[in-house]
Amino acid sequence: MSTAPLSAITLESRFAQELGELSVPWQADDVADPRMLVLNEPLAAELGLAPGWLRGEEGTRLLVGNLVPEGARPVAQAYSGHQFGSFSPRLGDGRALLLGEVVDAGGRRRDLHLKGSGRTPFARGGDGLAAVGPMLREYVLSEAMHALGIPTTRSLAVVATGRQVRRETLLPGAVLTRVASSHLRVGSFQYARATGDPGLLRRLADHAIRRHHPHAARAENPYLALFEAVVTAQAELVAQWMLVGFVHGVMNTDNTTISGETIDYGPCAFLDGFDPAAVYSSIDVGGRYAYRNQPVVAEWNLARLAETLLPLVHEDQDRAVEQVQTSLRGFAGQYSTVWKAGLRAKLGLAGDHGDDLVEQLIDELFPLLAADRVDHTSFFRLLGRAARGDTGPVRGLFLDLPAVDAWVERWRALGPEAAAMDRVNPVYIPRNHLVEEALEAATAGDPEPLTGLLEAVTDPYVERPGLDRYAEPAPDTFGPYTTYCGT
Ligand code: AMP
Ligand code: MG
């Protein structure tokens, strides 16, 4: 077991130093008996944290925030947010702490952040705590997203606190250690703007430029360039969600990052049977954050970011509005370019296969998938087998065989590349029934199903023997899936 003293770890606090108005110095609750449930050893190594040491007493205490290196300044971050369309001026980290920033082996600055570490001044009515199940859920989902190549916050560890958390029932508590390129959100800008302090807004924008979009500093109008960089990052992100069938579930502006990383895995889920209107979150009764709405919602959230930046973009506010509107209009085109290129790759038609024919096939595909509620992930993966001539498995997903046969025949005539398809169409995603099974078992003290699931979803493109059940849709008995927020 390797050891490294706590003093060898440097946690910087650039956010806290540069943006004191958005930072409340705070401490985690004492945890009497922390117990490691899962540790991400490759990520620990990237961060220069020895896994053996993290598993030991000091390391585990660091991961619940009870022991921090000298000089560290943990803070709760202030932010606002539009939640389901209505503005809350003061949200902030109610149950989270930014421990500080680690500069990783590649020289990148990354936030070390705790979730479930106790009440903060932003807790409002909340208890500041988190239960084992939802924290493991974030761990599994975020690591699966990372393995799929989609920008996301990462999960370093989940540590059980030994404390009970009151939800509908009493549940065991846990702290998640999250790693992110930052926790700057649209909501951070909304908060800074709402203070009415133009200096703060400018400092926040400069901080974001330095940290995420440094090329903007050299642009003629750096703040407009910052906005455009976020538009691009979000367009690319949401296009990738759509391609893999991810439904975030709670795309509030406080859950929309400036970096373009996916953040806050609450009531999210992957599509099973294809349904453009799919909603999994129990509280999303109007379907605001349904699968098909995600690009539109992202654009709406970016409009809220634009509003905050107006004073920085141009001193004449009418000109500023015109400029950000022009930039925001770029969203749709950028989204659709990434989505189309991604879909062509999924169909094995990334090369020169004739644009019109491919477009037609794409247009016809989704109604077919929707009509028979075809499993999204299985469809694309099994289509790879059809590209090799084995059409049986993909046909088996449909009821309307003449329709799918006609589509497959025209598609095959274009010469799809099977091996390329297997590199972009995952076999293993965190399927809802398996996630639930793993969380339930882990909550009851059995880590095996979680270990198995993680093994499958962290290497999603390579089909391996013995992992068949991770590739299969839920049995019919699983029923409609609902996820719960505020967990
Ligand atoms: P979320 O839906 O997780 O993005 O959280 C929205 C807001 O509610 C954030 O300000 C969170 O910090 C806060 N929050 C969520 N759960 C709790 C909790 N159990 N205790 C305190 N604050 C919470
Ligand atoms: Mg949030």
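Placing +1 on the Cβ of every Lys and Arg and -1 on the Cβ of every Asp and Glu, with nothing else charged, gives the chain a dipole about its Cα centre of roughly 860 debye. With a simple spin-label model that places each label point 7 Å from the Cα along the Cα-to-Cβ direction, the separation between Leu401 and Asp33 comes to 6.0 nm. Between Asp363 and Glu463, the C-beta separation translates, for a Förster distance of 41 Å, into a calculated FRET efficiency of about 0.85.
In loop segments of the range 128-234 as defined by DSSP, the GluC sites (Glu not before Pro) with at most 11 further C-beta atoms inside 10 Å of their C-beta are Glu168, Glu220.
Once the Kirkwood radius over Cα pairs is known for the chain, the Stokes-Einstein relation at 10 °C and 1.306 mPa s delivers a diffusion coefficient of 67 µm²/s.
Coordinate range of the alpha-carbon atoms in the range 323-408 per principal axis, descending: 53, 28, 21 Å.
Packing order of peptides 361-370, 91-100, highest average first: 91-100, 361-370 (average count of other Cβ atoms within 10 Å over each peptide's residues). Taking the range 81-179, which chymotrypsin sites (Phe, Trp or Tyr not before Pro) meet the DSSP loop condition and have no more than 15 other C-beta atoms within 10 Å? For chymotrypsin sites (Phe, Trp or Tyr not before Pro) across the range 81-179 that sit outside H, G, I, E and B with at most 15 neighbouring Cβ atoms in 10 Å, the list reads Phe84. Averaged over its residues, the range 6-180 has an accessible area of 38 Å² per residue, based on protein heavy atoms and a 1.4 Å probe.
Taking a ≥ b ≥ c as the square roots of the eigenvalues of the Cα gyration tensor, the range 6-180 is rounded, since a/c falls below 1.5. The GluC sites (Glu not before Pro) found in the range 51-114 that occupy coil by DSSP, while having at most 13 further C-beta atoms within 10 Å, are Glu70.
Length gained on full extension, Arg410 to Arg202, computed as 0.36 nm times the residue gap minus the Cα-Cα distance: 69.4 nm.
The separation of the range 327-349 from the range 431-482, counted between C-alpha centres, amounts to 30 Å.
Figure note: His376, His353 ranked by solvent-accessible area, largest first, 1.4 Å probe, ligands and nucleic acids not counted: His353, His376.
Membrane-span-like helices of the chain, defined as complete DSSP H segments with a Cα extent of 24 Å or more along the helix axis and a mean Kyte hydropathy of at least -0.5, are identified as 222-244, 294-313, 355-371.
Working note: 222 nm ellipticity from helices only, DSSP H runs with n ≥ 4, each -39,500 (n - 2.57), summed and divided by the residues of the chain, gives -13500 deg cm²/dmol to the nearest 500. The stretch between Ala371 and Leu6 holds 125.7 nm of extra length on full extension. This uses 0.36 nm per residue minus the Cα-Cα distance.
Element breakdown for the chain at a 1.4 angstrom probe: carbon and sulfur atoms account for 51% of the accessible area. Would the range 149-259 count as rounded, prolate or oblate if I go by the C-alpha gyration tensor, calling it rounded below 1.5 in a/c and otherwise prolate when a/b exceeds b/c, oblate otherwise? Here the range 149-259 falls in the prolate category.
Using the Cα centre of the chain as origin and beta-carbon charges of +1 (Lys, Arg) and -1 (Asp, Glu), tell me which of Val394, Gln17, Val424 is placed farthest towards the positive end of the dipole. My answer, from the dipole projection, is Gln17. Need one word for the range 186-341: rounded, prolate or oblate. Basis is the Cα gyration tensor (sqrt eigenvalues a ≥ b ≥ c); a/c below 1.5 gives rounded, then a/b vs b/c decides. Taking the square roots of the gyration eigenvalues as a ≥ b ≥ c, the range 186-341 is prolate.
Based on protein heavy atoms only, the range 186-341 ends up with 36 Å² per residue of surface accessible to a 1.4 Å probe. To the nearest 10, the accessible area of Leu382 is 40 Å² with a 1.4 Å probe. Site pair Gln164 and Thr337 shows an inter-label distance of 5.7 nm when each label is modelled 7 Å from Cα along Cα→Cβ.
Each of Asn66, Gly118, Gly48 was placed along the dipole of the range 6-180 (beta-carbon charges, centred on the mean Cα), and the one lying farthest toward the positive end is Gly118.
Between Phe87 and Ala474, the contour length at 0.36 nm per residue exceeds the Cα-Cα span by 135.6 nm.
Treating r as the C-beta distance of Arg423 and Gln317 and R0 as 51 Å, the FRET efficiency rounds to 0.60.
The values are calculated or read from the model by the stated rules, or taken from the named source; none is laboratory data. Just so we're clear, the structure is a prediction, and the values are computed from it rather than from any experiment. A quick note on method: Cβ atoms are made from the backbone with ideal geometry, for glycine too, and the neighbour counts reach across all protein chains shown. For the accessible areas, the whole protein counts, side chains as well, though only heavy atoms, and no ligand, DNA or RNA atoms are used. Shrake-Rupley method; radii C 1.70, N 1.55, O 1.52, S 1.80 Å.
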